[in-house]
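Some notes on the structure that comes next.
The values are calculated or read from the model by the stated rules, or taken from the named source; none is laboratory data. Source: prediction; values computed, not measured. Counting neighbours? That spans all protein chains shown, and the Cβs are built from the backbone with ideal geometry, glycine included.
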Amino acid sequence: MGKNVPETELVIHGPKLDIQKLEPVIYRPELVIQKPELVIQKQGLVIQKLELVIQKQELVIQKQELVIQEQEPAIQEQELMIQEQEPVIQKQELVIQEQEPVIQKQEQVIQEQELVIQEQEPVIQKQELVIQEQEPVIQKQELVIQEQEPVIQEQEPVIQEQEPVIQKQELVIQNRD
């Protein structure tokens, strides 16, 4: 192999082959033709699967279009309601403008009441002392409330889960009307 070794002295590494047991390779053109046909068949299956996917997507799009069509009357109703509410809003703005003098009078009354409150400060201070005495009771009540919070928090997800169902039922009721 790198040296000039006569062929009779070459050593073949690996398993020994029994040359007599080897079958001759026969060229069969039908096998050569079958492989491309199998590839074409597989490609046809892939195309069929893609067509099914496209059909499913088209169905989804059709369903979405139906949902949009079903929602259009509700949207139109909301737009009408908004238009109907505009005069009401304008009337409310007028009422607010008319109430401004009343509000100014109330501010004067509030100033007068503040004077009365200043006179009542000694009474308020006495009440604050009573409140301070009640603080331990309030703290105990706060502890009870804190202990109840985990129960309330556990109930919140249940309530949240029920909200979509309630909304759907309301829509069904509205659509019946």
When region 141-162 is examined, which residues are found to be within 27 Å of I75 (Cα to Cα) and loosely packed, with under 10 Cβ neighbours inside 10 Å? Q160, E161
Given the criterion closer than 30 Å to L171 by Cβ and either out of contact with any strand residue (DSSP E or B) (no Cβ under 6 Å at 6 or more places or on another chain) or at pLDDT 90 or above (or both), identify the matching residue among Q34, Q90, Q83, Q20. Q83
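Which one of these is assigned to a helix (DSSP H, G or I), more than 34 Å from the chain's Cα centre (by Cα) and surrounded by 10 or more Cβ atoms within 10 Å (Cβ to Cβ): Q120, Q132, Q85? Steps first, answer last, please.
Values: Q132 fails: surrounded by 10 or more Cβ atoms within 10 Å (Cβ to Cβ); Q85 fails: more than 34 Å from the chain's Cα centre (by Cα).
Exactly one of Q120, Q132, Q85 is assigned to a helix (DSSP H, G or I), more than 34 Å from the chain's Cα centre (by Cα) and surrounded by 10 or more Cβ atoms within 10 Å (Cβ to Cβ), namely Q120.
Just give me the residues in region 101-115 being among the β-branched types (V, I, T) and either within 51 Å of the chain's Cα centre (by Cα) or modelled with pLDDT under 90 (or both), in sequence order. Walk me through how you get there before you give the answer.
If we filter region 101-115 for residues that are among the β-branched types (V, I, T), which is where we start, we get 102-103, 109-110.
V102, I103, I110, listed by residue number.
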Looking for whichever is at pLDDT 70 or above and either of a type in the set (F, W, Y) or over 26 Å from K168 (Cα atoms) (or both) here; the options are Q76, Q41. Which one fits? Q41
Go over the candidates Q92, Q69 one by one and state the one that is under 46 Å from the mean Cα position of the chain (by Cα) and either outside any helix (DSSP H, G or I) or surrounded by 10 or more Cβ atoms within 10 Å (Cβ to Cβ) (or both). Q92
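I'd like to check something: does region 162-177 contain any residue that is outside any helix (DSSP H, G or I) and out of contact with any helix residue (DSSP H, G or I) (no Cβ under 9 Å at 6 or more places or on another chain)? So that I can check it myself, show each step before the final result.
Step one: list which residues in region 162-177 are outside any helix (DSSP H, G or I), which gives 177.
Filter again for out of contact with any helix residue (DSSP H, G or I) (no Cβ under 9 Å at 6 or more places or on another chain), leaving 177.
Yes, there is a match, as at least one residue in region 162-177 is outside any helix (DSSP H, G or I) and out of contact with any helix residue (DSSP H, G or I) (no Cβ under 9 Å at 6 or more places or on another chain).
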